[in-house]
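These notes are about the structure you will find just below.
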Amino acid sequence: MIQRWVSIFLSTVILSTLVACSAADDTGQSKLGTTQEPVNGVQELFGSSLFLGDSIIGGLTNEDLLPGANVMGGLGATVQSTLGNVEEITSRKPSYVFLSLGQNDLGEPREEAKKTFIQQYTHLVDRIRELLPTARVYVLSIPPVDEEAVKQEPRDASITDYNQALDQLADEMKVDYVDLSTLFAANKIRYADNGVHFKPDFYPLLLDYLMEFVK
């Protein structure tokens, strides 16, 4: 009889220990699941944004900084070619649209090229607002190039002139103009070999600069 009670007692102790261990494991797993940070907080913050432009803005997808769904940046893209993709733009239903265009629209004669650029840009903003009436549109200034690039391609010297026209356009159309000159003045920006595109470490700086617009 004594042996029987000892056996029951030992079985109860073992069972209680197993249950306790199992509960501890479950609790530990639950804490891990609820305290883990998002894989990319930047992606979450800009999850309802669409960055639209040329290959410069396309660099936002480098090193998985932002997914392709949030970026439409094509090599050689112009305002006119972007107008041809307006249906794709609207199908993504962004809440924020960041436009970064102009580098491939620089041309000669300067005044004529700038006039065409502004006309097409106005049309693009109108179409986006027509199809996405609740979206907020931001017009980014054309990023500067380094001095060597200007020597190789004199048309790049007109970037400041184009940006002044973009600033005026944004004011007249009641959309936000984002002047990137402050970002460049505050940071040592590294250019790629062509002096027009940027090293990957530029893009986290750019998104950090733009965060205030989507908070």
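The values are calculated or read from the model by the stated rules, or taken from the named source; none is laboratory data. Because the structure is a prediction, the values reported are computed rather than measured. For neighbour counting, all protein chains shown are included, and Cβ atoms are generated from backbone atoms with ideal geometry for every residue, glycine included. Surface accessibility is based on the protein's heavy atoms, side chains included, excluding ligands, DNA and RNA. Shrake-Rupley method; radii C 1.70, N 1.55, O 1.52, S 1.80 Å.
A compact table of results
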| item | result |
| --- | --- |
| Nearest-10 value in Å² for the accessible area of Arg136, using the 1.4 Å probe | 120 |
| Whole-percent carbon and sulfur share, accessible surface of region 62-114, 1.4 Å | 47 |
| Debye-sum result for region 70-154 in log10 I(q)/I(0), which assumes one identical scatterer on each alpha carbon, at q = 0.12, 0.26 Å⁻¹ | -0.40, -1.43 |
| Total formal charge among the other residues, if their Cβ is under 11 angstrom from that of Asn62, Lys/Arg +1 and Asp/Glu -1 | -2 |
| Residue-count net charge about Arg136 - beta-carbon cut-off 14 Å; Lys, Arg +1, Asp, Glu -1 | +2 |
| Hz values of 3J(HN,Hα) by residue in region 98-105 - Karplus curve (6.51, -1.76, 1.60), Gly and Pro given as x | 9, 9, 9, 9, x, 4, 8, 9 |
| For Lys199, distant residues with modelled amide H under 5 Å away | Arg190, Tyr191, Ala192 |
| Charge tally in the Cβ shell below 13 Å around Pro200, where Lys, Arg are +1 and Asp, Glu are -1, Pro200 excluded | -1 |
| Value of Rg to Rh for region 127-215 (Rh from inverse mean 1/r over Cα pairs, i.e. Kirkwood) | 1.01 |
| Ala77 long-range amide H proximity, modeled H, under 5 Å | Ser55 |
| Surface per residue (accessible, 1.4 Å probe) for region 132-185, Å² | 52 |
| Per-residue ³J(HN,Hα) for region 56-73, Karplus 6.51 cos²θ - 1.76 cosθ + 1.60, θ = phi - 60°, Hz, x for Gly and Pro | 5, 6, x, x, 5, 8, 4, 6, 6, 5, 10, x, x, 5, 9, 9, 10, x |
